[in-house]
Amino acid sequence: MLPDRDRLKGGLIVSVQAPEGSPMRQCEVIAAMAEASLNNGAIGVRLESPEHIGAVRRRCPEALIVGLWKRTFPDSPVYITPGWEEIQAVWAAGADVIALDCTERQRPDGADLAELVQRARRDLGAVLMADVDSLVNGVRAAELGCQWVGTTLFGYTQATAEQQPPAWDLLPGLSQQLPDGALLICEGGIASAEQARQAIGLGADAVVVGTAITGVDLQVAAYRRALEAF
């Protein structure tokens, strides 16, 4: 059962992920970081892969989980929960919300986004978070039936490659044009508590923070590069 909108508003969702090959990418480690995040006031966690979703659901049965599955295919740049198989797996593992790429890019095997959204809502009764890169794609995703819209892919698609997250320029437009009832999530590039507050001030209902909190590998590497520059 999802918390009501008032509880979600102004909240922090922690993205608890680790790159391939990292010693942090173990179910026990991911679940421990998720529990620590929830114990300290996060309203939910965003997790990648059915294995990690399942591990956190077992350890934190009451947690709000936004789940996704990153998979790559040679015929498409879409990798965040790209098809029906991934949607089903994320849902079966215990996610409350399924995050998926809702950009206009071609999906693997030519899958149709509208059909995937309709099927997920009809067959699973799932709440969907649209990971988007633009105002047009965000509004379209909400019109298709996605109840949450996140700025996750702003700066990470070919169309927005020259943009740098956080999506400060995107939030006000989405806030104004999304239909009533849609939840606007700022995700991507939030590196401080001050920036999280700024996102809320620009119209986001909630904020997702990942690397700045749980990204041990990337954070240490960034510090090392900075120090080596001297």
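The values are calculated or read from the model by the stated rules, or taken from the named source; none is laboratory data. On a predicted model such as this, the values are computed, not experimentally measured, just so you know. Neighbour counts are summed over all protein chains in view; Cβ atoms, including those assigned to glycine, are modelled from backbone coordinates with ideal geometry. Each accessible area value is taken on the protein alone, full model and side chains, heavy atoms only, with ligands, DNA and RNA left out. Shrake-Rupley method; radii C 1.70, N 1.55, O 1.52, S 1.80 Å.
If you check every pair at least six apart or on different chains, which have Cβ atoms under 6 Å apart with a residue in the range 186-213 that is assigned to a helix (DSSP H, G or I) first and a residue that is among the small types (Gly, Ala, Ser) second?
As it stands, the answer is Ile200/Gly10; Ala212/Ala191, since those pairs meet every condition given.
Among Glu20, Glu48, Glu85, Glu28, which is the only one that is within 20 Å of Val117 (Cα to Cα), open to solvent by 70 Å² or more (accessible area, probe 1.4 Å) and acidic (Asp, Glu)?
Glu85
Take the conditions in contact (Cβ under 8 Å) with a residue 12 or more places away in the chain, in a loop (DSSP other than H, G, I, E, B) and among the hydrophobic types (A, V, I, L, M, F, W, C) and apply them to Ala34. Does it pass?
In short, no.
Which of the residues that make up the range 44-60 are of a type outside the set (D, E, K, R) and in contact with a helix residue (DSSP H, G or I) (Cβ under 6 Å, 6 or more places away or on another chain)?
Val45, Leu47, Pro50, His52, Ile53, Gly54, Ala55, Val56, Cys60
Taking the range 37-60 only, how many residues are touching a strand residue (DSSP E or B) at 6+ places or on another chain (Cβ under 6 Å) and not in a helix (DSSP H, G or I)?
7
Mind checking which pairs have a first residue in the range 40-56 that is of a type in the set (A, V, I, L, M) and a second that is at pLDDT below 95 and surrounded by fewer than 22 Cβ atoms within 10 Å (Cβ to Cβ), Cβ under 8 Å, 6 or more apart or different chains?
Here the result reads Ile43/Pro3; Ile43/Arg7; Ile43/Leu8, each pair linking the range 40-56 to a residue that is at pLDDT below 95 and surrounded by fewer than 22 Cβ atoms within 10 Å (Cβ to Cβ).
Taking the condition of being assigned to a loop (DSSP other than H, G, I, E, B) and either among the basic types (Lys, Arg) or touching a strand residue (DSSP E or B) at 6+ places or on another chain (Cβ under 7 Å) (or both), how many residues in the range 146-185 meet it?
Qualifying residue count for the region: 9.
Go through the range 153-189 and count every residue that is open to solvent by less than 10 Å² (accessible area, probe 1.4 Å) and out of contact with any Phe, Trp or Tyr (no Cβ under 7 Å at 6 or more places or on another chain).
Final tally of qualifying residues: 6.
Could you list, in sequence order, all residues of the range 61-75 that are in contact with a helix residue (DSSP H, G or I) (Cβ under 9 Å, 6 or more places away or on another chain), of a type outside the set (Phe, Trp, Tyr) and buried (at least 19 other Cβ atoms within 10 Å of the Cβ)?
Once the filter is applied, which keeps residues that are in contact with a helix residue (DSSP H, G or I) (Cβ under 9 Å, 6 or more places away or on another chain), of a type outside the set (Phe, Trp, Tyr) and buried (at least 19 other Cβ atoms within 10 Å of the Cβ), the range 61-75 yields Ala63, Leu64, Ile65, Gly67, Leu68.
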